[in-house]
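The values are calculated or read from the model by the stated rules, or taken from the named source; none is laboratory data. Keep in mind it's a predicted model, so treat the numbers as computed, not measured. Ideal geometry is used to build each Cβ from the backbone, glycine not excepted, and the neighbour counts take in all protein chains shown. Please note that ligands, DNA and RNA were not included when accessible areas were found on the heavy atoms of the full protein model with its side chains. Shrake-Rupley method; radii C 1.70, N 1.55, O 1.52, S 1.80 Å.
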Amino acid sequence: MEPSPGPLGPNCQTWADRHFGLGPFRFWSLPKEKRNYLLPSPLSSLAAHCAQRTTEREHRGTSHFPSGHRHAYDPIFTSYTTTTTQPPSSAQSPTENGGSSGRSGALAAPPVVLEEAVQKIDFNPPKGTRDFPPEEMRLRNWLFNNCREVSRLYGFEEVDFPVLESEALFIRKAGEEIRDQLYCFEDHGNRRVALRPELTPSLARLVIQKLVSLPLKWSAVGQCWRYERMTRGRRRERYQWNMDIVGVPEVTRIGITASDVGFKVSSRKEVLRCYSISENLFGKVCIIIDKRYLEEQGKQLLILNNFSHSLKGLVIRSGFSLMHQLSVALPTTLGFDREGKLRAICDGGRYDHLLSTFGGDDIPACGFGFGDAVIVELLKEKGIIPELSVQVENIVCALDHDLQGAAAKVATLLRDKGQSVDLVLENKPLKWVFKRAARINAQRLILVGNTEWQKGMVGVKILSTGEQYEVKLDELD
Amino acid sequence: MPTILSSLHILQPRLSLHVKPLFLSFTYVSYFSLLLRKFPLHRQSLSMKPRTLSSVASAQSPTENGGSSGRSGALAAPPVVLEEAVQKIDFNPPKGTRDFPPEEMRLRNWLFNNCREVSRLYGFEEVDFPVLESEALFIRKAGEEIRDQLYCFEDHGNRRVALRPELTPSLARLVIQKLVSLPLKWSAVGQCWRYERMTRGRRRERYQWNMDIVGVPEVTAEAELNSSIVTFFKRIGITASDVGFKVSSRKEVLRCYSISENLFGKVCIIIDKIEKIPLDEIKKDLKSVGMSEEAIEELLQVLSIKSLTKLEEVLGGAGEAVADLKQLFSLAERFGYSEWIQFDASVVRGLAYYTGIIFEGFDREGKLRAICDGGRYDHLLSTFGGDDIPACGFGFGDAVIVELLKEKGIIPELSVQVENIVCALDHDLQGAAAKVATLLRDKGQSVDLVLENKPLKWVFKRAARINAQRLILVGNTEWQKGMVGVKILSTGEQYEVKLDELD
């Protein structure tokens, strides 16, 4: 009853080799005796224990799943329980179904528990995604706050939608790149779902659902996903800021349509202003307008000047997609160059017929999506990433261990007055406290010492000047 | 059949080449004719690549592969393009998820802003992590409900991933990765997911506010966290008479019953179900993890204790649990929230990794589920392969708190509010109106610009709807004088002003 050799050859006898050499499903489909031989003893007793609990649970009838289903897809427990059923044939040959269909998201069973699996945790976020430790989070919040402020200035209302949507929402007929890179899968209920690649379809869905009074001016900031092979080194997720106007039709009269276009231009300008991009830099930003759109609209360019004082570049691009394309991009070369390489900062346009593809009535709509990647790159290149350091107003510290409670009282008092307080929670030397105060850029250090506290007072030190004084607790502010 | 073929030929000459072999099978014919009938003549022709066709073919026999395994997430092929599929779009968000139209979004933002403000007041720094994480991060051995409901799947690269059910493991991962200087006070607000059968009528996603203190082994950390929750409650209008905290400790209370390390988590999970499943079941489960009859009886006795003094009697003065709890209660008094917290030994919570003090926010009227919960988890990082660092934190979901606010009738009135509405009285002045809007926006005022040619009656209606304070009118005569008309909507007062004096 020798196990078949693993990938490392018949002479390798490590546990991992014996286990993984077989592949997970062939392992579990072996008879109990073979499996016990392969498992180290603690795990086999764990398996036995789990099996016993399963029997008990079945007995009770409180399992989540219909029992037949559970047995069929729960390879860990099948052979140990008295009521054995055949494991599904698909489990026998993982290669037949194109790579572990038995463990696809369609399964309702919880994942297999392995001791080693728990210890092989990668500390990095999944490939193509980002963590946001405090420094990055501050930058992101600053960016989003600017987006939200612009939305507010333009009288837009913020909305949001689930990051997981039905896959059908993103399948369109035009064969765009979006479909091939859709991060889709089948959930436990066999429904095709996808992590959204863009926000506009969700917005369209919400508009039809809500039947709101038009025109509608909605903005949203959300994370969007795409599946890309990592060889390209591109990210799989990004945050996107969308602004959409629904219900304002594309009228041929110059003034109205230009205000749509100009609106995007001026809102872009507003955004760039918020980032303190200097005038001459802005001049290098050029607007790419779809040629066909221009032809249909006539003399739009003149009107654009009303909205942006220093619009210096205009690139007419032929090429067309479902949307009339309007992009704002920055040429990488200094001079304005039509042939030059352009990085799209954001893009948008009109999409009057999207709603009907969803089964609703067509409502004229236009909007843009502004990703967080290029703009941050841009700010870095121009060296204008803002200095956003952590900043806490007070750091409160007890000089004696018994005064920890007193320090807490002081902290609460200041917080009730709206001041941010970092409370030193452990018994630490003053040197440590000063270091921490420097790190969090605290303005004041409040010291709670025995003598002062008995008088109902605390010591205050202004960290920038070094000034130090005592103050009564109720006068502290 | 011939008619179908010829119409196919008109629409897409290449298509017929691929389609012909398929017509040999009778089942496919009706499908394609159906497709054609609904196929509108579109400027953009439908590009049906051969690959798409073959996946259409496989879609014909979904039963063969045991539930469309051919279309599982493991495949890299793009999904099939079908006219019918596109038109059957459900306008509702996916089952168990929520949309946030403007009204709901305002409430959510208000809630989150309060969370962020409390984090700021306590000197915490905000962080974030991906909503999609490796499944391995959430696999724990203790049989928690959270694992059974994991929203996991396999991505295109055959990696097992999951939509996170909670934020703490991601935080632990980030802490190990960053090796930052301690103590660390981090807060996060993020969406968490679980897969539940919809018969239960529960949501599959929720937003959760987490606050964690890493690197402080003392009870002061738990006290600080409790205090922050109390601050939050006060900010949103909840009082000590509405909610409270039940506090207990997992140390000694559970440890003294000779439960081995690796089964400790499991025992806690079982105990957590005390009010959800019959006592006999609990006893059975405890027996199966190796506890003796006596131990079980004693444990259940201890769990029913509601006062700290009684606990001390039963457990004895020595041991950390009682000492920790006493210190917590004394700090609570100093922080100023004693009236909010009480000891209750039955609180263990359903997460395996809590090791010390645990607490749970509850609704005093007993109608709602736990509002929030947290505790100390000193050994989580080692399960991930890092060094153990003492840590504690809490998670606060957005569902129950909103329900609570609704019950108490204290959901805030948050209406939309735009300061100005700018409108051109003549169609040619649209550009001028835009100029006025830009001017006001540059001064930091919010402006709703009327983008179309609309009658004044409509404009007034809209102004009322968005609660605008002022209506700015751009009319011909005024504009020629370099002026605009301003109407204060609350008073009805109306006057003209020079454009450069407008503010």
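Using a probe radius of 1.4 Å on protein heavy atoms only, what is the accessible area buried between chains A and B, both sides summed, to the nearest 100 Å²? Intermediate values should be presented prior to the final figure.
On the way: alone 26730 and 26960 Å², together 41960 Å².
Using a 1.4 Å probe, the pair buries roughly 11700 Å².
Just reorder A:Asp122, A:Asp372 by solvent-accessible area, largest first, 1.4 Å probe, all chains present. Mind dumping the intermediate values first?
On the way: A:Asp122 95, A:Asp372 15 Å².
Most to least solvent-accessible, the answer reads A:Asp122, A:Asp372.
Across peptide B:112-125, the average count of Cβ atoms from other chains found within 10 Å of a residue's Cβ is 4.
For the range B:368-481, the square roots of the Cα gyration tensor eigenvalues, ordered a ≥ b ≥ c, give a/c of at least 1.5 with a/b greater than b/c, which places it in the prolate category.
When the accessible area of the range B:455-503 is computed with all protein chains present and a 1.4 Å probe, what percentage of it is carbon and sulfur? List each step's numbers first, then the result.
On the way: 1490 of 2910 Å².
So the carbon and sulfur contribution to the accessible surface is 51 percent.
Near the amide H of A:Ile363, within less than 5 Å, lie the amide hydrogens of A:Leu355, A:Ser356, all on another chain or at least 5 residues away, with H placed in the peptide plane. What FRET efficiency comes out for the pair B:Lys454/A:Val374, r = Cβ-Cβ distance, R0 = 45 Å, nearest 0.05? Calculated value: 0.75.
Checking the cross-link pairs B:Lys435/B:Lys461; B:Lys408/B:Lys461; A:Lys409/B:Lys326; A:Lys455/B:Lys251 against a 27 Å limit on the alpha carbon distance flags B:Lys408/B:Lys461; A:Lys455/B:Lys251 as lying beyond it.
For B:Ala391, the residues whose amide H sits under 5 Å from its own are B:Gly215, B:Tyr377, B:Asp378, ignoring neighbours fewer than 5 places away on the same chain, with H placed 1.01 Å from N. Pairs with C-alpha atoms separated by more than 32 Å, drawn from the list B:Lys310/B:Lys367; B:Lys178/B:Lys306; A:Lys127/A:Lys380; B:Lys454/B:Lys481; B:Lys457/B:Lys481, are B:Lys178/B:Lys306.
Between B:Asp428 and A:Lys472, the distance separating the two model label sites (each 7 Å from Cα on the Cα→Cβ line) works out to 7.3 nm.
Can you tell me the dipole magnitude for the range A:350-409 around its Cα centre, using point charges on the Cβ only (Lys, Arg +1; Asp, Glu -1), in Debye to the nearest 20?
Numbers: 4 positive and 10 negative charges, 20 e Å.
Dipole about the Cα centre, nearest 20: 100 debye.
Here the range B:294-338 has 49 percent of its accessible surface on carbon and sulfur atoms, given a 1.4 Å probe and all protein chains in place.
Using the Cα gyration tensor of the range B:415-503, with a ≥ b ≥ c the square roots of its eigenvalues, what is the shape: rounded (a/c below 1.5), prolate (a/b larger than b/c) or oblate (neither)? Taking the square roots of the gyration eigenvalues as a ≥ b ≥ c, the range B:415-503 is rounded.
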